[in-house]
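Below is one structure, written out as C-alpha cells, with a few remarks after it.
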Amino acid sequence: MVSRVIPVEDFDLVVFGGTGDLAQRKILPGLFRRYVAGQMPESARIIGAARSDYSDGDYCDLAHDAIVEHVADVDRDKLSAFLDQLHYIAIDAKGDKGWGELKDLIRSDVITAFYFSVGPSLFGDLAERLHSHGIADRDSRVVVEKPFGRDLESARALNRTLADHFDERQIYRIDHYLGKETVQNLMAVRFGNVLFEPLWNQHYVDHIQITVAEEIGVEGRGEYYDRSGAMRDMVQNHLMQLLCLIAMEPPSVFGSDAVRDEKLKVIRALQPVASHEIVRGQYDGADGMTSYREDVGDPRSHTESFIALKVHCSNWRWAGVPFYLRTGKRMKARSSEIAVTFKDLAHSIFPGDEARHRNILSIQLQPDEGMNLQVTIKEPGPGGMRLIDVPLDMTFADALGPENNDIPDAYERLIMDVIRGNQTLFMRGDEVEAAWAWTDPIIDGWEERGDVPKPYDSCSAGPEDAMMLMHRDGRRWRDIKA
Ligand code: NAP
C-alpha cells in the first residue's frame with residue numbers, strides 16, 4: 001500500500017523570523033521533506049525574512065546547515081534544487097526596511113502565506129504593514145505560533161489585532177499536536193469504525209489519562225518558561241486539544257468549522273477544577289543534574305514544571321468520567337500517551353479468575369506513534385481457563401509497511417494544510433479564548449493563595465501527591481516508558 005502525495009498549488013510563503021530557532025529546526029526541514037515527497041511545486045517560493053542582513057546565498061547556507069542537521073539521509077541533489085526556491089529579505093517588522101522589496105517579490109497570481117514565526121508582540125506590526133504595503137490580499141493566509149496569549153485578556157487582544165487585518169478564515173493558529181498523524185488517527189478510529197463509538201461514553205469508559213512527559217528540563221528556554229509554567233505552556237493548548245478530540249461529539253462532517261464547533265463545546269463543558277484536584281510540581285536536581293530553579297536562575301521561583309489534574313466534562317456522554325491529565329519536564333522518559341480505560345465486566349463467568357481484566361485503548365504520540373488495545377484472552381496451554389491481558393498492537397509503521405513509514409512531521413503537514421486552505425487542524429479564535437477562560441481561574445487561584453509547587457526528583461514520574469490524586473480514586477497512573 002503506497003500513500004498518495006497530492007501536490008499543493010503554487011505558492012509564495014514568507015517566513016517572518018526565518019532565521020530563528022523554529023524556522024531552522026522545524027519549518028525549513030519540514031518544507032524540504034515535503035519538497036522531496038513531491039508535494040511542493042518547483043515554482044513555489046519560500047522567502048525568509050528577519051532584520052539581519054543576509055544575502056540570498058547566506059540564507060541558503062543557513063537553510064542548508066539546518067536541513068542537514070535536522071533531516072536524516074539528505075539527498076544532496078534534491079537539497080540543492082530545493083535551496084534554489086529560497087529567497088531572503090531583510091525586513092524590520094517595526095520599521096520600513098524591506099517592505100517595498102517584499103511587495104516587488106511577491107506574486108499576485110499564486111497563494112500567498114505569511115508565517116509569523118516571531119514573538120506575538122510583532123503580530124500587529126506585521127499584519128498592519130502587510131496591508132499598508134498592499135502585500136496581503138483577501139485570500140492570503142497568516143500562520144501564528146504559540147503562545148497565543150498568556151491569559152484570556154491577552155488572547156482577546158491578539159485576536160482583535162489579527163481581526164483588524166484578516167478574516168478568521170485566513171488565520172491559522174498552530175498547535176503542532178494536532179498535526180501528529182496519530183492525533184488525526186484518533187478521529188479516524190473513533191468516527192471511521194463501528195467498534196469504538198458505541199462504547200465511547202460514561203456507560204463503558206471508567207476514566208481517561210492523558211500524559212505528555214518530557215525528559216528534558218527547560219534547557220535554553222528558562223526565561224520564557226519561568227513566566228509561563230506547565231499550565232500555560234502545555235495544558236491550555238496541547239493537552240486541552242487532545243482532550244477535545246477524545247471527548248467531542250461526532251461532527252456532521254470532517255470539515256474545519258464542524259470539527260472546531262464540537263471541540264469548542266467540550267471546552268465549554270469543562271467544570272472548574274477544585275484546588276485539591278490539581279498537583280503542581282517543580283523538578284529538583286539529582287545525579288549531577290541541575291534543578292529547575294538553577295535552570296531558570298531564580299532560587300525562589302514558584303513556577304510549575306509539572307502539573308497533574310483531574311478534569312470533568314459535564315455533559316451526557318462524560319458525566320462522572322474523570323479525565324486525568326499530567327505533563328512535566330525532567331521526567332523519567334519522553335512519552336506522550338492517551339489511554340482510555342474501559343469499565344470492568346458486569347459479571348465474570350470464569351470461576352477462580354480474580355484478576356481485574358480491563359480493556360485499555362492506548363494511543364501513543366511519542367516517541368513512536370501507534371495504538372494498542374489491551375484485550376483479555378485465555379492463557380495458552382492446559383490448566384483450565386486462566387485469563388491474561390495481551391496487547392493488540394497497532395503500530396502503524398508495522399501495519400502499513402515500509403513504504404509508508406515516512407510519516408510527515410506535524411509541522412510539514414500543517415504547513416501544507418495552510419497552502420491547501422484547510423483549517424481543520426488549527427485552533428479557532430473562540431476555542432483559544434474558551435481554553436483561557438477555563439485556565440485563568442486556576443492560575444489566579446494559585447496566585448491568590450501563594451501556592452508553592454511540590455518538589456520532585458529529576459527522572460521520576462513527578463511528585464508523590466500526583467500519585468495520590470489517582471490512588472484516592474482507586475486508580476493509578478500508567479507507567480511512563482519510552
Ligand atoms: P527566535 O529563535 O528568537 O527567532 C526570532 C526570529 O524573529 C529571528 O529570525 C529574528 O531575527 C526575528 N525577528 C526578531 N525581531 C524582529 C523584527 N523586529 N522584525 C523582523 N524579524 C524579527 O525565536 P523562535 O524560537 O524561532 O520562535 C519564534 C516564535 O515561535 C515565537 O513566538 C515562539 O514562541 C514560537 N515557538 C517556538 C518554538 C521553538 O521550538 N523554537 C516552539 C513553539 C513556538 P532578527 O533578530 O535577525 O530580526
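Remark: pairs (first residue in the stretch 279-299, in contact (Cβ under 8 Å) with a residue 40 or more places away in the chain; second residue open to solvent by less than 60 Å² (accessible area, probe 1.4 Å) and aliphatic (A, V, I, L, M); Cβ separation under 6 Å; 6+ apart in sequence or on different chains) = V279/A308; V279/A466; V279/L469; R280/I307; D295/V218.
Confirm whether D53 is charged (D, E, K, R), within 13 Å of the ligand (Cβ to nearest atom) and either more than 25 Å from the chain's Cα centre (by Cα) or outside any loop (DSSP other than H, G, I, E, B) (or both).
Numbers: charged (D, E, K, R): yes; within 13 Å of the ligand (Cβ to nearest atom): yes; either more than 25 Å from the chain's Cα centre (by Cα) or outside any loop (DSSP other than H, G, I, E, B) (or both): yes.
Yes: the conditions hold for D53.
Only one of the numbered conditions (1) more than 28 Å from I407 (Cβ to Cβ); (2) surrounded by 21 or more Cβ atoms within 10 Å (Cβ to Cβ); (3) not hydroxyl-bearing (S, T, Y) is violated by C60, and that is (1). Take the residues in the stretch 322-365 that are within 30 Å of E215 (Cα to Cα) and more than 24 Å from the chain's Cα centre (by Cα); name whichever of them is surrounded by the fewest Cβ atoms within 10 Å (Cβ to Cβ). Among them, the one singled out is R358. Given the structure, is R34 surrounded by 13 or more Cβ atoms within 10 Å (Cβ to Cβ) and away from the ligand (no atom under 14 Å from the Cβ)? It is true that R34 is surrounded by 13 or more Cβ atoms within 10 Å (Cβ to Cβ) and away from the ligand (no atom under 14 Å from the Cβ).
Of the residues screened, V8 is one that is under 27 Å from I171 (Cα atoms), open to solvent by less than 60 Å² (accessible area, probe 1.4 Å) and either in a helix (DSSP H, G or I) or more than 16 Å from the ligand (Cβ to nearest atom) (or both).
Scanning the stretch 37-51 for residues that are among the small types (G, A, S) and surrounded by 14 or more Cβ atoms within 10 Å (Cβ to Cβ) yields A37, A44, G48, A49, A50.
Pairs are defined by a Cβ separation below 6 Å, a sequence spacing of at least 6 or placement on different chains, a first member in the stretch 225-239 that is touching a residue at least 24 places away in the same chain (Cβ under 8 Å) and open to solvent by less than 10 Å² (accessible area, probe 1.4 Å), and a second member that is hydroxyl-bearing (S, T, Y) and part of a helix (DSSP H, G or I); the pairs so defined are H238/Y177.
Would you please name the residue that is nearest to the ligand (Cβ to nearest atom), looking only at residues in the stretch 105-133 that are assigned to a loop (DSSP other than H, G, I, E, B) and surrounded by fewer than 19 Cβ atoms within 10 Å (Cβ to Cβ)? The extreme case among them is G119.
Quick one: how many residues across the stretch 68-104 are within 12 Å of the ligand (Cβ to nearest atom) and not in a strand (DSSP E or B)? Total meeting the criteria: 11.
Every test in (1) over 26 Å from the mean Cα position of the chain (by Cα); (2) in a helix (DSSP H, G or I) is passed by L22 save one, and that test is (1). Take the conditions (1) part of a helix (DSSP H, G or I); (2) more than 16 Å from the ligand (Cβ to nearest atom); (3) without any contact (Cβ under 8 Å) to a residue 60 or more places away in the chain; K263 misses just one of them, which is (3). Evaluation of V14 against the conditions (1) crowded, with 22+ Cβ neighbours inside 10 Å; (2) within 16 Å of the ligand (Cβ to nearest atom); (3) under 22 Å from the mean Cα position of the chain (by Cα) shows that the sole unmet condition is (3). Taken over the stretch 134-149, the residue count meeting the criterion of being away from the ligand (no atom under 13 Å from the Cβ) and under 15 Å from R160 (Cβ atoms) is 1. Look through A434, A466 and report the one residue that is under 22 Å from V340 (Cβ atoms) and surrounded by 18 or more Cβ atoms within 10 Å (Cβ to Cβ). Only one candidate qualifies: A466. Being more than 21 Å from D409 (Cβ to Cβ), within 16 Å of the ligand (Cβ to nearest atom) and either of a type in the set (K, R) or crowded, with 19+ Cβ neighbours inside 10 Å (or both) is a description that does not apply to I27. Are any of the residues in the stretch 76-95 open to solvent by 30 Å² or more (accessible area, probe 1.4 Å), more than 28 Å from V8 (Cα to Cα) and modelled with pLDDT of 95 or more? Yes, the stretch 76-95 has at least one match.
The values are calculated or read from the model by the stated rules, or taken from the named source; none is laboratory data. Worth saying up front: this structure is predicted, and the values here are computed from it rather than measured. Every residue, glycine among them, receives a Cβ derived from its backbone with ideal geometry; neighbour counts consider all protein chains shown. What goes into the accessible areas is simple: the full protein's heavy atoms, side chains included, and nothing from ligands, DNA or RNA. Shrake-Rupley method; radii C 1.70, N 1.55, O 1.52, S 1.80 Å.
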